[in-house]
């Protein structure tokens, strides 16, 4: 069977999916008595209409890049890591420990330290399900989702016992000021451009570098070649002398480490202390981001920005209109539904349409 | 149609395209009732597409189908069954843990209670069995039957649905010669009862043996329809590929050197603890081809997998040029085997030998991606890989000659050429080859055989596993026959024949006494000699 041209696969289908999601969202918004076009304008303006909007959009996007890359790397090894949430929580813990207990003189040193801490903790949390999958055949979907709950419970436990700061809230003490990451505002102020106060920080650059490194890994390095080969066909991998155990472990460790890196943005960059939940569902959004981004770093980056815009635009919508918070979640969910789960719904008819279109130039051949 | 009866099947101007590929082009064919009609052609010639159109899996872009002289629309397989067409697929569509009877009734149950239709089916089955020499125990579980028996169930399934036209797609691919003979007797019986049989195959011998008329397909077109009695295998082969081909491999007498591979008492269990190899011993010398013949599923695959480093062994030793191979530990993987000079063309190129979604150039390095020539520091040297791929594609005449195509987009023969080029050009000490020409067209078969012989002439050892006796006979310098995890004996190609090998393949060592087909089948059923 013939396939779609590449541009249609990577660009047209996501766009059609997105448009369909927005149309259905529009209908829903109309049903609750709001003007869908106004709502749309508010969302777009809120997300990208100001430096404030951009700041938040890209801040959220940074989280989604990390969790999206995490899911994408595992996808390439045909491992469905839906434990990004838990791995990111553990990563947050790692970042917090590094920031709290090591006296950093300056953020430029604290950042690499936190990267190592977040990555190690995230990877360690992914290592257990990975081992269970590779050696015992316990399904990774089941174990990783279970580990999300364990991570959440573990964090709560630590935050009400050993890590708890004095006071009422279950949270750690504030990190020392030397660990505060420079924000976009600081950056732009240095070159004389006014930028609103947002949590967007240097972690965004780290996310971009992570995209590039993942691309390098998957398409330029032996390990990536082996991961992709294993993901396409396990018998072929064994034939080529690629150890399924090793690839399962390594791919999940990288995946967990990437999810864990989210902590530097959310914990070190924004809250500057560890809360009960710094991740706020980004682990799950990462799945949608990886799906929509076709597990390619560039796609993940674009999809992450889209979802960042949805988050930020949604918050604005909630603020400006009577559209309730739940409806914003509905809109986000519709996008995830259409881009992720209902991908085949658009793909099938589009493929047919392309086949028909290609056949038409030949005269005399009936369509049926 | 003034002359005689209307054709059982008549196709007029059938065309079918998949995207840019024209699978069938203006095909017209008439199959007369009560005949056996062969359709022969290379892989990818469009035979299966044509039959899928007839059975309602695809819709033709143009053309019409006439069944028994009446124009018939066949939008799905239900319509095909109503029109009296039955199909026996290459890969059986049976429920393994159902009985024969349950499988036959499946999808054609009547009423709410299963017992009514089972009872009716049992009666009809007995009648059919007697009529066509199609004996099979209606209460046996499918998983306990050998392939030959399973095929009979498929035929019975079609007859139970009152098929007048029976289409068989490559029916002998999984059968021993004796089983194939029995199948042919069944088909002749069906013909005598007035049924029409369409036989799709790429084996010239079968066409010559059993068909009344034969149609040849090449590149989506019907190149000829002739009476079988008025043609010859050479002529058919020429029609298939469009040029004359050598059906025999030209090769010099072997000059065997020292022992390269020495296998002693090799034992393997599968995951269920069933012994798949029960103490296999043999050796292969430099400069010779040892052919392993056998019905699929008698341990040959496991043998190749162990030697290729794809699975551990449970006992025995293997020596390569005098040094023992690690069969269980950390150095029993395929990577280590390759480093020792063992190249491996696996039995299933699409599942094992290639990554179908990788580009051709990525596949050319597959398994050898550690080679310093393909690497530059920590990064892979993709340019070097592509240059090498282009050179290999040129030398092995892979078509299309485009290293950016995905492996999936090459035909079976060209996929195999990519694998063979990759493995043979490593100049290995030992080449393991499994089913080198399965699903490969005649032109490529010839080429691949030449490459294997050239490697052997260069003084390398070759272990060939094939279920095609022709291939074993024409390539091997020695032949070992496997049955039920054991080697039944070794023969020399010049002093043996298909009959003797066929009996060994069915586990009968005393090949001089007369043997009944039933005994062969019972043996195979007992051994679980089923295709996987």
With the requirement that a residue be out of contact with any strand residue (DSSP E or B) (no Cβ under 8 Å at 6 or more places or on another chain) and assigned to a loop (DSSP other than H, G, I, E, B), what does the range B:80-102 give you? B:91, B:92, B:93, B:94, B:95
For the structure I just gave you, tell me whether residue B:381 is in the same structural domain as residue B:304 (by TED's automatic domain parsing) and surrounded by fewer than 22 Cβ atoms within 10 Å (Cβ to Cβ). no
Would it be correct to say that residue B:271 is over 25 Å from residue B:172 (Cα atoms), out of contact with any helix residue (DSSP H, G or I) (no Cβ under 8 Å at 6 or more places or on another chain), within 14 Å of chain A (Cβ to nearest Cβ) and surrounded by fewer than 23 Cβ atoms within 10 Å (Cβ to Cβ)? yes
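To keep it simple, each residue is scored yes or no on (1) more than 14 Å from chain A (Cβ to nearest Cβ); (2) free of Cβ contacts under 8 Å to residues at least 60 places away in the same chain; (3) part of a loop (DSSP other than H, G, I, E, B); (4) more than 15 Å from residue B:431 (Cα to Cα).
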| position | (1), (2), (3), (4) |
| --- | --- |
| B:279 | yes, no, no, yes |
| B:296 | yes, no, yes, yes |
| B:305 | no, yes, no, no |
| B:326 | no, yes, yes, yes |
Could you check the range A:333-344 and list, in sequence order, the residues that are modelled with pLDDT under 80 and surrounded by 12 or more Cβ atoms within 10 Å (Cβ to Cβ)? A:336, A:339, A:340, A:342, A:343
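Please go through the range B:329-347 and pick out each residue that is assigned to a loop (DSSP other than H, G, I, E, B) and either at the interface with another protein chain (Cβ under 9 Å from one of its Cβ atoms) or within 11 Å of residue A:238 (Cβ to Cβ) (or both). If you could, list the steps in order and put the result at the bottom.
Just the residues of the range B:329-347 that are assigned to a loop (DSSP other than H, G, I, E, B), to begin with: B:329-333, B:340-341, B:346-347.
Passing the criteria: B:333, B:346.
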If you take just the helices (runs of 4 or more DSSP H) that sit entirely in the range A:256-368, which of them hold at least 3 residues that are within 14 Å of chain B (Cβ to nearest Cβ)? A:343-359
Restrict the check to the range B:435-444 and report whether at least one residue is outside the structural domain of residue B:463 (by TED's automatic domain parsing) and surrounded by fewer than 22 Cβ atoms within 10 Å (Cβ to Cβ). no
Quick check on this structure: which one of A:234, A:177 is more than 14 Å from chain B (Cβ to nearest Cβ) and surrounded by fewer than 20 Cβ atoms within 10 Å (Cβ to Cβ)? A:177
Of the candidates B:249, B:174, B:153, the one satisfying the condition of being outside any strand (DSSP E or B), out of contact with any strand residue (DSSP E or B) (no Cβ under 9 Å at 6 or more places or on another chain) and not assigned by TED's automatic domain parsing to the domain that holds residue B:121 is B:249
Taking the range B:384-407 as the region of interest, how many residues are within 12 Å of chain A (Cβ to nearest Cβ) and crowded, with 22+ Cβ neighbours inside 10 Å? 2
Kindly state which strands (runs of 3 or more DSSP E) lie completely within the range B:425-485 and contain at least 3 residues that are in contact with a strand residue (DSSP E or B) (Cβ under 8 Å, 6 or more places away or on another chain) and closer than 22 Å to residue B:250 by Cβ. B:461-465
For the condition more than 12 Å from every other protein chain (Cβ to nearest Cβ), outside any helix (DSSP H, G or I) and in contact with a helix residue (DSSP H, G or I) (Cβ under 7 Å, 6 or more places away or on another chain), what is the one hit in A:195, A:204? A:195
Filter pass, residue A:132 being surrounded by fewer than 21 Cβ atoms within 10 Å (Cβ to Cβ), modelled with pLDDT of 95 or more and either touching a helix residue (DSSP H, G or I) at 6+ places or on another chain (Cβ under 6 Å) or outside any helix (DSSP H, G or I) (or both): yes
Within the range B:232-246, how many residues are modelled with pLDDT of 80 or more, out of contact with any strand residue (DSSP E or B) (no Cβ under 7 Å at 6 or more places or on another chain) and surrounded by 12 or more Cβ atoms within 10 Å (Cβ to Cβ)? 1
So the check is Cβ under 8 Å with 6+ separation or different chains; which pairs have a first residue in the range B:361-380 that's farther than 23 Å from residue B:396 by Cβ and a second one that's assigned to a strand (DSSP E or B)? B:378/A:221; B:379/A:221
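State whether one or more residues within the range A:256-270 are surrounded by fewer than 24 Cβ atoms within 10 Å (Cβ to Cβ) and modelled with pLDDT under 95.
Checked against the condition, which is being surrounded by fewer than 24 Cβ atoms within 10 Å (Cβ to Cβ) and modelled with pLDDT under 95, the range A:256-270 yields at least one hit.
Would it be correct to say that residue B:350 is more than 8 Å from every other protein chain (Cβ to nearest Cβ), farther than 21 Å from residue B:429 by Cα and touching a helix residue (DSSP H, G or I) at 6+ places or on another chain (Cβ under 8 Å)?
yes
The values are calculated or read from the model by the stated rules, or taken from the named source; none is laboratory data. A quick note: this is a predicted structure, and the numbers were derived from the prediction, not measured. Positions of Cβ are generated from backbone atoms using ideal geometry, with glycine treated the same way; all protein chains shown enter the neighbour counts.
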